[in-house]
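Colleague: What follows is a single structure, and I will ask about it in a moment.
The values are calculated or read from the model by the stated rules, or taken from the named source; none is laboratory data. Owing to the predicted nature of the structure, the values given are computational and were not obtained by experimental measurement. Here the Cβ positions follow ideal geometry from the backbone for every residue, glycine too, while neighbour counts run over all protein chains shown. In case anyone asks, the SASA skips ligands and DNA or RNA and just uses the protein heavy atoms, side chains included. Shrake-Rupley method; radii C 1.70, N 1.55, O 1.52, S 1.80 Å.
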Amino acid sequence: MNKIRSYIKGVGHNVPDRVVTNDELSKLMDTTDQWIVERTGIKERRFADEGVGPSDLAIPAVENALQDANLSKDDIDLIIFATISSDYYIPGAGCILQDKMGFGNIGAFDIKTSCAGFIYGISMADQYIKSGTFDNILLVCSEVQSTTMDLSDRGRNTAVIFGDGAGAIVLSSTTEDRGILSTHLHSDGKNVKELWLKEPSTKSSNRLSKESIERGDHFLFMNGREVFRHAVKRFPETINESLEFNGLTSEDIDLLVPHQANLRISDMIQKKMGLPDNKVFNNIQKYGNTTAASIPICLSEAKKEGRINNNDLVVCAAFGAGFLWGSTVIKW
Ligand code: ACO
């Protein structure tokens, strides 16, 4: 009997309606459309309305993914929710989504692996399916980062980069020769303070003090240069290790989907991998960096645009806070 593999049976995405242009940001902080486009490639991003959390943004993405997979909620065995911007500090967004969408009492848990959330999530889901534990797993990646941005001059190097959005996939079992061929995961916690959101912290009995709010410790902090330096090294490294693992080369790639960190980072990866424009998918121009959600949003758009077809070799790679990074090779 052929061994069990997992494959992406359905994919969907959802972004908030509210478009925030670079010009709009330049009214809030000392920046310009030209600076943002030159340094990041971003022209606009989406911000969720007040009161909308990642679990809310996820609902239409999940509905689209279920429809694409031709499955109903009752077919789903497990929810994995990748986010670093969960609706509440406690509990995770997975069980909130379970209730809001009326799933049965299936398992639901969050993973907090920043921009690498999709890669870590698919790696876990793949293991559950390959072991025969579950047949259909919902991997949801959803973020509301706009409320963690310091939209003043002090936060301008970070605030111009991030946006809100959600992507979801249904990973299902198959005995066909397709699906997730490999996943590779990495971390280096030496760099925690290069990209972090320090407060509220359980290390302080105050959780969030007047002083820490004045310092802006409750906003996402990023040392852009350090992040950039590590990202352009780690992306090609992990793409190459996954190609090598599968006995493939970059010429075998039909579509590379890098986490949408910064268009300059994507361009450098493309150059290092020697890939033509039509083999790399980017949409950061429209959405900014949506952290864990960026890869499934790309996969959903790429599929709708006919840029991913059955049997295509799709490589996804991500790098983010931690630092955490990794890659997956998928025969679609
Ligand atoms: N508008 C105008 N000027 C700005 C802005 C802004 N929004 N932000 C910073 N500047 C200024 C700085 O103050 C500095 O001015 P100075 O020279 O007078 O001191 C100058 O621009 C250069 O600042 P740097 O921070 O050195 O700018 P850099 O060229 O490194 O670009 C950027 C900043 C875009 C953040 C870049 O470092 C970068 O892209 N890093 C990677 C970040 C990234 O991709 N993060 C996401 C990946 S990780 C994840 O996804 C979680």
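Colleague: Using 7 Å Cα-to-Cβ label points, what is the residue 147/residue 131 separation (nm, one decimal)?
Modeller: 3.4
Colleague: Going by accessible area, probe 1.4 Å, with all protein chains left in place, what is the ranking of 237, 214, 226, largest first?
Modeller: From most exposed to least exposed: 214, 237, 226.
Colleague: Then there is this: Round to the nearest 0.05 the FRET efficiency obtained for residue 233 and residue 72 when R0 = 51 Å and r is the Cβ-Cβ distance.
Modeller: For residue 233 and residue 72, the calculated efficiency is 0.70.
Colleague: Consider just the alpha-carbon atoms of the stretch 5-177 and return their Rg together with their Dmax, both in angstrom.
Modeller: 17.6, 55
Colleague: Grab the Cα-Cα distance for residue 304 and residue 88, subtract it from 0.36 nm times how many residues apart they are, and report the gain in nm with one decimal.
Modeller: 74.5 nm
Colleague: Please work out the ratio of the alpha-carbon Rg of the chain to 2.2 N^0.38 Å and round it to two decimals.
Modeller: The chain yields a ratio of 0.95.
Colleague: Tabulate in residue order the Karplus-calculated ³J(HN,Hα) for the stretch 305-319, using 6.51 cos²θ - 1.76 cosθ + 1.60 with θ = phi - 60°, rounded to whole Hz; enter x for Gly and Pro.
Modeller: Karplus-based 3J(HN,Hα) across the stretch 305-319 equals 7, x, 8, 10, 10, 3, 6, 5, 9, 10, 10, 10, 9, 9, 8 Hz.
Colleague: A further question follows. To check you understand DSSP bridge types, tell me what percent of the beta bridges within the chain (both residues inside) are antiparallel, rounded to 5.
Modeller: 70
Colleague: How many angstrom lie between the Cα centre of the stretch 1-44 and the Cα centre of the stretch 289-315?
Modeller: If you average the Cα positions of each part, the centres end up 13 Å apart.
Colleague: Any idea what the relative contact order of the chain is, in percent, if you count C-alpha pairs under 8 Å spaced at least 6 apart?
Modeller: Here the relative contact order equals 26 percent.
Colleague: Per Stokes-Einstein, at 4 °C and 1.567 mPa s, what whole-number D in µm² s⁻¹ belongs to the stretch 4-88, with the Kirkwood radius over Cα pairs as the hydrodynamic radius?
Modeller: The diffusion coefficient I find is 82 µm²/s.
Colleague: Divide by every residue of the chain the summed helix terms, -39500 (n - 2.57) for each DSSP H run of at least 4, and state the resulting mean residue ellipticity at 222 nm, rounded to the nearest 500 deg cm²/dmol.
Modeller: Mean residue ellipticity, 222 nm, calculated: -10000 deg cm²/dmol.
Colleague: Mind checking which helices in the chain clear 20 Å along their axis (Cα) and have mean Kyte-Doolittle hydropathy of 0.0 or more, DSSP H runs only?
Modeller: 54-69
Colleague: DSSP beta bridges in the stretch 241-332, what fraction antiparallel, as a percent rounded to 5?
Modeller: 60
Colleague: Rounded to the nearest 20 Debye, what is the dipole magnitude of the chain about its Cα centre when Lys and Arg each give +1 and Asp and Glu each give -1 at the C-beta?
Modeller: The dipole of the chain has a size of about 700 debye.
Colleague: Let me ask something additional. So what is the accessible area of the chain per residue, in Å², with the probe set to 1.4 Å?
Modeller: About 44 Å² of surface per residue is accessible.
Colleague: Roughly how many Å² of residue 87 are accessible to a 1.4 Å probe, to the nearest 10?
Modeller: 40
Colleague: From the P(r) of the stretch 181-331, can you give the percent of Cα pairs sitting at distances over 27 Å?
Modeller: 29
Colleague: In a shell of Cβ-Cβ distance under 10 Å around residue 46, excluding residue 46 itself, what net charge do Lys and Arg (+1) and Asp and Glu (-1) give?
Modeller: It works out to a net charge of 0.
Colleague: Where both partners of a DSSP beta bridge lie in the stretch 76-197, what percent of those bridges are antiparallel, to the nearest 5?
Modeller: 45
Colleague: Now, a different point. Would you work out what percent of the accessible area of the chain, with all protein chains in place, is carbon or sulfur (probe 1.4 Å)?
Modeller: 47
Colleague: Further question on the same structure: Between residue 246 and residue 3, how high is the FRET efficiency from 1/(1 + (r/R0)^6) when r is the Cβ-Cβ distance and R₀ = 22 Å? Nearest 0.05.
Modeller: According to the calculation, E is roughly 0.90.
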